[in-house]
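Participant: I am attaching a structure below and will ask some questions about it afterwards.
The values are calculated or read from the model by the stated rules, or taken from the named source; none is laboratory data. What you see is a predicted model, and the numbers here were worked out from it, not measured in a lab. Cβ: placed from backbone, ideal geometry, glycine included. Neighbour counts: every protein chain shown.
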Amino acid sequence: MKIVEMQVTPIALGDPPLLNAAGLHAPYALRTVVELVTDNGLRGVAEVPGSSAFARAIEQAREVVIGADPLNWHALKGKVAAHCGTKSARIDDATPWNHGAYVQVLSALNVACLDLMGRAFNVTVAALLGGVLRERVPYSAYLFYKHEGAGGELGFGTDPRATGWAAARQAAALDPDGIVNQARAVVREFGFKSIKLKGGVFEPAQEIAAMKALREAFGPGVPLRIDPNARWSVETSIKAGRELEGVLEYLEDPTSGQEGMAAVRRALTTPLATNMCTTSFEDLPGSVRLGSEDIILTDHHFWGGLNAAMELAAHCRTFGRGVSMHSNNHGGISLAAMTHLGAAMPNLSFALDTHYPWQWEDVIVGGRLRIEDGCVALPKGPGLGVELDRAALARAHENFRRCGLKDRDDAFEMRKKIPGWKFQSMCW
Ligand code: GKR
Ligand code: MG
């Protein structure tokens, strides 16, 4: 089999005004769909974050992708490294924990090749990753502080006829009550069994109060996590962590850097998780030497693909780290890939993060993958088990063209609300 064509389609999916440490989400989340076509007429698909750095990097790789054998991932990966260099520029947006374009190119190619292999041999991607250990993969609710309003076509307005989760997705959530209401709606709709709050937005005391309100509302049977994206100093993290001892399943990236995280970790019994201080294979020796975290959040988009995420899981097993999963806004192709990974990963120890409930559009046949009882059922395959809906893809591409966004820039969006707002990596 030989790859004879690569199609790259940037898309924009509506996204509400969600707040985070880096600012505010724009009305559209940018993604890129990459398709590989083979000489025997098969198509493999992948989805990665959308950015101009990725658009450049994937075009640079085109020359070695065309003609490559999708059944030989090692060879293709080696060719991409030799041709493009492994140190492509970081994605230049205001989200400082974002990752370089190189790993995202590898991710797109790896997922599309696995999808192709699955289709060629009529097996699932999970089978190719070693076998299905769970048919239903658990995800966590992902709460956000947010302004009132929806995103995309709806702009910052709201649909007054909306009910249930659709209404809660539009409603403001700026205090503990708002967060608990959002949690109740998302849990009612999707049956999530654990809950994460994106923190680092308001003063720690306000976010601690929200976590305590969630504990009060849902009881000790529902694991809780908060992620301030390293906006807390070591001292603040220890103080906040002590207040939340016994409340959290894990505390995600309270502070920055492996040294800082290690200092917090020594002071707390609550496990620490990261998608910020240990984010690549090169970071693993430091993680082990310093003891910076208990749990690593893998993400096949940022670690170089699904095979790389399985490799990371093996390192985690060796060095006593738990494995969870990070998410950014994404559509159904990414959710399918995440679910195959979750189905095949032996030491997956936590419900995975997903932003999927925040979106309402998708580019796959059938509209949207279902989250039921907090789980996504493994798509049946072959390959990823999802098909592109060409009309929906064309609409999402048109959204991309019309919205004028080329890169995610949460600080720029935030300045529309608060003129002069600047990202500050450690505020409290
Ligand atoms: O979507 O606003 C967001 C999140 O803050 C995302 O950008 C983070 O990368 O969810 C992520 C995280 O766990 O840090
Ligand atoms: Mg995080």
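Participant: What number of residues within the stretch 282-308 satisfy the criterion of being part of a helix (DSSP H, G or I), away from ligand 2 (no atom under 16 Å from the Cβ) and within 18 Å of L129 (Cβ to Cβ)?
Facilitator: Looking only at the stretch 282-308, we keep the residues that are part of a helix (DSSP H, G or I), and these are 282-290, 300-303, 306-308.
Now narrow it down to the ones that are away from ligand 2 (no atom under 16 Å from the Cβ): 282, 284-286, 288-290, 306-308.
From the residues that got through so far, the ones that are within 18 Å of L129 (Cβ to Cβ) too are 306-308.
Number satisfying all stated conditions: 3.
Participant: In the stretch 1-22, what residues are farther than 12 Å from L36 by Cα and either modelled with pLDDT of 95 or more or touching a Lys or Arg at 6+ places or on another chain (Cβ under 8 Å) (or both)? Walk me through how you get there before you give the answer.
Facilitator: Narrowing the stretch 1-22 to residues farther than 12 Å from L36 by Cα: 10-22.
Once the filter is applied, which keeps residues that are farther than 12 Å from L36 by Cα and either modelled with pLDDT of 95 or more or touching a Lys or Arg at 6+ places or on another chain (Cβ under 8 Å) (or both), the stretch 1-22 yields P10, I11, A12, L13, G14, D15, P16, P17, L18, L19, N20, A21.
Participant: Shifting gears a bit: Of everything in the stretch 214-241, what is more than 16 Å from ligand 1 (Cβ to nearest atom) and assigned to a helix (DSSP H, G or I)? Give them in sequence order.
Facilitator: L214, R215, E216, A217, F218, V234, E235, T236, I238, K239, A240, G241
Participant: Can you tell me which residue is surrounded by the fewest Cβ atoms within 10 Å (Cβ to Cβ) among those in the stretch 180-213 that are assigned to a helix (DSSP H, G or I), touching a residue at least 40 places away in the same chain (Cβ under 8 Å) and away from ligand 1 (no atom under 16 Å from the Cβ)? Don't jump to the end; show me each part of the working.
Facilitator: Pass one, the stretch 180-213, residues assigned to a helix (DSSP H, G or I): 180-190, 204-213.
Narrowing the set further to residues that are touching a residue at least 40 places away in the same chain (Cβ under 8 Å) leaves 183, 186-187, 189-190, 204.
Narrowing the set further to residues that are away from ligand 1 (no atom under 16 Å from the Cβ) leaves 183, 187, 189-190, 204.
Numbers: A183: 24, V187: 20, E189: 17, F190: 21, P204: 23.
For the stretch 180-213, the residue satisfying everything is E189.
Participant: Now for a different question. Tally up the residues in the stretch 317-332 that are surrounded by fewer than 24 Cβ atoms within 10 Å (Cβ to Cβ) and in a helix (DSSP H, G or I), please.
Facilitator: 2
Yes/no per residue for (1) of a type in the set (S, T, N, Q); (2) under 20 Å from the mean Cα position of the chain (by Cα); (3) part of a helix (DSSP H, G or I):
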position	(1), (2), (3)
L335	no, yes, yes
T339	yes, yes, yes
G342	no, yes, yes
G381	no, no, no
L393	no, no, yes
K406	no, yes, no
C427	no, no, no
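Participant: Here is a follow-up. Would you be able to tell me the number of residues in the stretch 341-363 that are touching a Gly at 6+ places or on another chain (Cβ under 8 Å) and of a type outside the set (S, T, Y)?
Facilitator: Count: 12.
Participant: So, A217, is that one within 19 Å of the chain's Cα centre (by Cα) and in contact (Cβ under 8 Å) with a residue 24 or more places away in the chain or not? Please lay out each step first, then the result.
Facilitator: Working: within 19 Å of the chain's Cα centre (by Cα): no; in contact (Cβ under 8 Å) with a residue 24 or more places away in the chain: yes.
No: the conditions fail for A217.
Participant: Report yes if some residue within the stretch 257-269 is within 21 Å of Y142 (Cβ to Cβ) and either in a loop (DSSP other than H, G, I, E, B) or within 21 Å of the chain's Cα centre (by Cα) (or both); otherwise report no.
Facilitator: Residues of the stretch 257-269 that are within 21 Å of Y142 (Cβ to Cβ), as a first pass: none.
For the stretch 257-269, residues within 21 Å of Y142 (Cβ to Cβ) and either in a loop (DSSP other than H, G, I, E, B) or within 21 Å of the chain's Cα centre (by Cα) (or both): absent.
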